[in-house]
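One structure is given below, encoded as structure tokens.
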Amino acid sequence: MSTLTKFSAIPYTGPAPTNRNPYVPAGAEIADARGEVIAAALQHPGMTPELGQDMPSFIVDKEQIVDVLRALKESEVLAFTMPLDLFAVDYPGRENGSRESGVGSRSNTSDLQSPNPDLRPPTADTRHPGRFDVIYQLYSLKNNERIRLKVRVADGESIETGTPVFKGLNWYEREVFDMYGVVFDGHPNLRRILTHEAFQGHALRKDYDPAQRWILTENDVAKIIPKIDPRFENVDTDYERVTLNLGPSHPATHGTLRIVVTLDGETIIGADQEIGYLHRCFEKMSETHTYQQVIPYTDRLNYCSAIINNVGYCMAVEKLLGIEVPARAQHVRLMLSEFMRIADHLVCIGTNLVDMGALTNFWYLFQPREEIYGLIEACCGARLLPSYTRIGGLAVDVPPDFLQKSQRLVDMMPKFINDVEKLVDRNKIFLDRVVGVAPISAEEAINYGFTGPCLRACGVPFDVRKATPYLGYETYDFDVPIAEGGDTYARFLVRMEEMRQSLRILQQAIERGLPEGPVIVDNPYVALPPKAKVYNEMESLIYHFKLIMHGIQPPVGETYFQVEGGNGELGFYVVSDGTKNPYRVRCRPPCFQIYSAFPDMIMGQTIPDAIAALGSLNIIAGELDH
Amino acid sequence: MANLPYDSSGSIIQRKRGGPPGEGAEKGLITLPGESEREIEDLAGGTYLTTTVDTMVNWARGNSLWPLPFGTACCAIEFMSMVSSHYDIARFGAEVVRFSPRQADLMIVAGTIVDKMAPVLKKIYEQMPEPRYVIAMGACATSGGFYRAYHVVQGIDEIIPVDMWVPGCPPTPDGLMYSILKLKEKIQRGEVRR
Amino acid sequence: MHLTRVRPGVVKVERTPLTVLDRLYLPAVIGGMLVTIRHLLHNLFNLKQLPTISYPEVKRVYSERFRGRHILTSREDGTTRCVACYMCSTACPAECITIQAGEDERTREKFPVRYEIDLLRCVFCGYCVDACPEDAIYMTRDYEMAIDTRARSVVGLRDLVVPPNFPVGPMGWRPYYGAIDKHGTAGGTGVGQQLRSAPFEDDAPPNPDVFRGGDAQ
């Protein structure tokens, strides 16, 4: 008997059943109630609550935003001290006076009509016109909660910069300026960040052609002269000040980072970075592809731990669709995420030690990593970029000997980790290179929006797996490792310990065994029907065609979902307009803010220190530049 | 000595004896239609008539390809896999990874090249001494891959000449080694003159 | 490196200060040497267990899900199984598949006149295999691809089509979403499929020389 029978009564026309009603987040009432409490505590006139969101959400007047940010940060009770994200969404339809948002009025080749405007979520009021939503997301370590602030800006208008309040907003504001052309008044260095100097227009605007390129020639490349840190400005020196360029093609930068430093003798007295040498337009590309097709793109964000990206994106869309993934798929996702986290740390530590001349560790660490890739390849047929998950579950069930293979990996791994520890941990040559190098204090790190191992190395035990557990992490017994000092050595220690904790999680997961059952949801509007049915049943064949032609159509709405990536909180913000392509996919890359703090960390130190510090931050260019 | 805690001859990597190197290199499908005819042509008209010195030089060049990894993205990680413990590129004289373009003669472009990077790539290519060879590794470097986007170079042959294209996203380390071997054979046959 | 518990769920990795012995450099250096020498000796006496793969004499055999180069399967009578429904090219995120459909004059069935995959664009995600409703496209375990001119990167029917009853064993990524008995051959289900009596000249004739990926024995 067909399992699809329960959907049979649904006609094949019109929006898919997944898209009949607007998106209602699971905890909307709680978020609204909490929003009221926040508004009462703050008593700020410029905030209008936006109801029915997945976290407390406010629309803030353009003039008031910096005040609100400061009040939220300085409030004793609320203590929203960490800037998580700042990005924008473009709704060109608003300027033409349509009632709301312009969602659905896309020029994109979508063969579905935009859904009925009455079905759209109850968004608020017309007091705030403007084409762009500039969205701030803050996090409170004290209360473990998030808040979303939206500012509506018209084309050509500007906002006051938030950099005096949160240093972490610096690069985000540059990114919003680059991608949307929203100007931030008072920003210290408002120039393009991801695209190049000869670029014209603003790429993430809806009216920008995704394939319109601008060619950069060598003559156009701007010269970067770093600003000298005020601490060193009037210091008497015997040396001539030299400006030195590192990268973007440099063996120590692991990718495409470029740093320009000004040296006084050997001391770094000024530094500036240029990024965007791997800006592959992830966000624009996801707007031109269907929800399912975005998954291979997410692989290529943090390519050292690709499955975590897959999981994060898929869970964001699943949250939007309101579907629950089968237990077996969740279990596999968790196990592979932990393997990927280990692989990520192995690459980070291995290459970091290579930079310091300890080549042997590279061979030792890359051997277990190769075995992890062997396991991933046995599951889904690709080593590095697996694209294993699908929205609603997994592409295919794991091979029968998955648990045995995992057990063998878990058994062999500690030997290699211990070897590396023996090689370097008591080695004075290594310790001299790392202890006290590039430190950052906990307050600074939070102000910059650090997450992940780099934040934990400052002694702040923030881990998304503990703070907002997903995939059943709350049922596992593991510890969040922290260290003190925030220097390169602390980051090394935290990563080493995190690998061991991941092994603990994996051991528990293996002991529990894989739950029986399917690996993907039984919903023909989300997951392709089994091939056996496609070949033999008319109805399944129609669902199959329908899903591939029209894609998954989540309900109109927006949501944010975060997972703990290899480098910190990896968040996906997905806006759906009810069609088969996402209206906007925002990836919150953890590297972005960590790298923006790099000049502060290396100021007053030497170039070799900077190289050692850079390796320990584990900046992945694909994630940094989207 | 104690056994390894895991069985490396187990199912993660199965080991099987392959054919001799030449045979393996000719095996791939994509090279094929007309490959044999072309070789006969070369024998008749081109390489056969070159002097012994040329043959010697080509043999030496093919056996000492010093790679410059122009690694930008995911493919660079697979390149690292190729030079790490599981694969042994040193057997073909290509293990001397040089990050200075002055000391390298094979550039492996591994990863996406975006418009911002294009002048850098060109400059580094021009700094390499001749003869210089280029392998474009992976979908992004060869054609832009699925990034038909506003900031991505649609194939590095827009910027520099390419001798060997390796499909895959990313190609496996063996796939990359195969392309190096094939390039080596091409050089030794005298087909690449640059 | 030892741990102290800060509170439930949080441990602190302590930084132990260097002892006088550590400051002498030598103990750590000798300890490190011992580790490497142990590895060296272990490898010397267990040459067969070395993780190094001597490609190309020894070839790594990837799993039967490996996503390598594509093939198109054939029916028993030698016609291509593909019905030119454009599902694979729709599902492809790289838009690397070009299909031109033709119609069989007798059976009124569609078939591909032109079926091209741009291997350089392809990202080997396997979506085309998932999307195929006809069991027609598979991925093999063949990873040895290197192309010396860009024009050769576009492979057509002649390179893709394999003979009928091609063994499934050596192939990689194949249609999943639920197990199905393949009878040991690609495209072996054949349920409800119209059979054409003879191959038409527009179809590439099955060429046994074309597929040489084989079992990598």
Task: Mean Cβ neighbour count within 10 Å, used as a protection proxy, ranking A:412-425, A:479-492 highest first - done: A:479-492, A:412-425
Task: Loop-resident sites, region C:1-91, for chymotrypsin sites (Phe, Trp or Tyr not before Pro), counting at most 15 other Cβ within 10 Å (DSSP) - done: C:TYR25
Open item on the list: Which of rounded, prolate or oblate describes region C:2-45 when judged by the alpha-carbon gyration tensor and an a/c cut-off of 1.5?
Closed with: oblate
TODO: Give me a single rounded figure for A:217-230: the average over its residues of other chain Cβ atoms within 10 Å of their Cβ.
DONE: 1
TODO: Among the aspartates and glutamates, select those whose C-alpha is under 15 Å from the C-alpha of B:LYS116, and discard any that sit fewer than 8 residues away in the same chain.
DONE: A:ASP178, A:GLU197, A:GLU218, A:ASP220, A:GLU274, A:ASP625, B:GLU158
TODO: Quote the FRET efficiency, to the nearest 0.05, computed for C:GLU105 versus C:GLU76 with a Förster distance R0 of 22 Å and r equal to the Cβ-Cβ distance.
DONE: 0.55
Task: Hits among aspartates and glutamates - C-alpha to C-alpha of A:LYS531 under 14 Å, sequence gap 8 or more where chains match - done: A:ASP397, A:ASP522, A:GLU539, C:ASP130, C:GLU134, C:ASP135, C:ASP181
TODO: From other protein chains only, count the Cβ atoms within 10 Å of every residue's Cβ in B:87-97, then give the mean.
DONE: 2
Open item on the list: Given the DSSP H assignment, sum -39500 (n - 2.57) over each helix run of at least 4 residues in chain A and divide by its residue total; what's the result at 222 nm in deg cm²/dmol, nearest 500?
Closed with: -11500 deg cm²/dmol
Open item on the list: Need one number: % antiparallel among DSSP beta bridges in the protein assembly as shown, to the nearest 5.
Closed with: 75 percent
TODO: Please give the average number of partner chain Cβ atoms lying within 10 Å of the Cβ of each residue in C:150-159, rounded to a whole number.
DONE: 3
Task: region C:93-169-region B:130-194 distance, computed between alpha-carbon centres (Å) - done: 22 Å
Open item on the list: Distance between the C-alpha centers of region B:61-83 and region A:242-319? Whole Å please.
Closed with: 20 Å
Task: Highest-first arrangement of A:397-409, A:429-441, where packing means the average Cβ count within 10 Å - done: A:429-441, A:397-409
TODO: Subtract the Cα-Cα distance of A:THR475 and A:SER441 from 0.36 nm times their separation in residues, and report this length gain in nm to one decimal.
DONE: 9.0 nm
Open item on the list: What does the C-alpha gyration tensor say about the overall shape of region A:306-363? Classify as rounded when a/c is under 1.5, otherwise prolate if a/b is larger than b/c, or oblate.
Closed with: prolate
- [ ] Keeping the other protein chains in place, figure out the carbon and sulfur percent of the accessible area of the protein assembly as shown, with a 1.4 Å probe.
- [x] 55 percent
- [ ] For a quick protection proxy, order the peptides B:128-135, A:169-176 by their average other-Cβ count within 10 Å, most packed first.
- [x] A:169-176, B:128-135
Open item on the list: For A:HIS250, what residues show an amide H to amide H distance below 5 Å, using hydrogens built from the backbone and excluding near sequence neighbours?
Closed with: A:GLY255
- [ ] Keeping all protein chains in place, calculate the accessible area per residue for the protein assembly as shown (probe 1.4 angstrom), answer in Å².
- [x] 35 Å²
- [ ] Over 32 Å between C-alpha atoms is what I'm after, so list which of A:LYS319/A:LYS546; A:LYS142/A:LYS227; A:LYS422/B:LYS184 land there.
- [x] A:LYS142/A:LYS227; A:LYS422/B:LYS184
Open item on the list: As a test of the definition: with a 1.4 Å probe, what buried accessible area, both sides summed, do you compute for B against C, in Å² to the nearest 100?
Closed with: 5100 Å²
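The values are calculated or read from the model by the stated rules, or taken from the named source; none is laboratory data. Treat the numbers as computed from the prediction; the structure is a model and nothing was measured. Positions of Cβ are generated from backbone atoms using ideal geometry, with glycine treated the same way; all protein chains shown enter the neighbour counts. Ligands, DNA and RNA are excluded from the accessible area calculation, which covers all protein heavy atoms including side chains. Shrake-Rupley method; radii C 1.70, N 1.55, O 1.52, S 1.80 Å.
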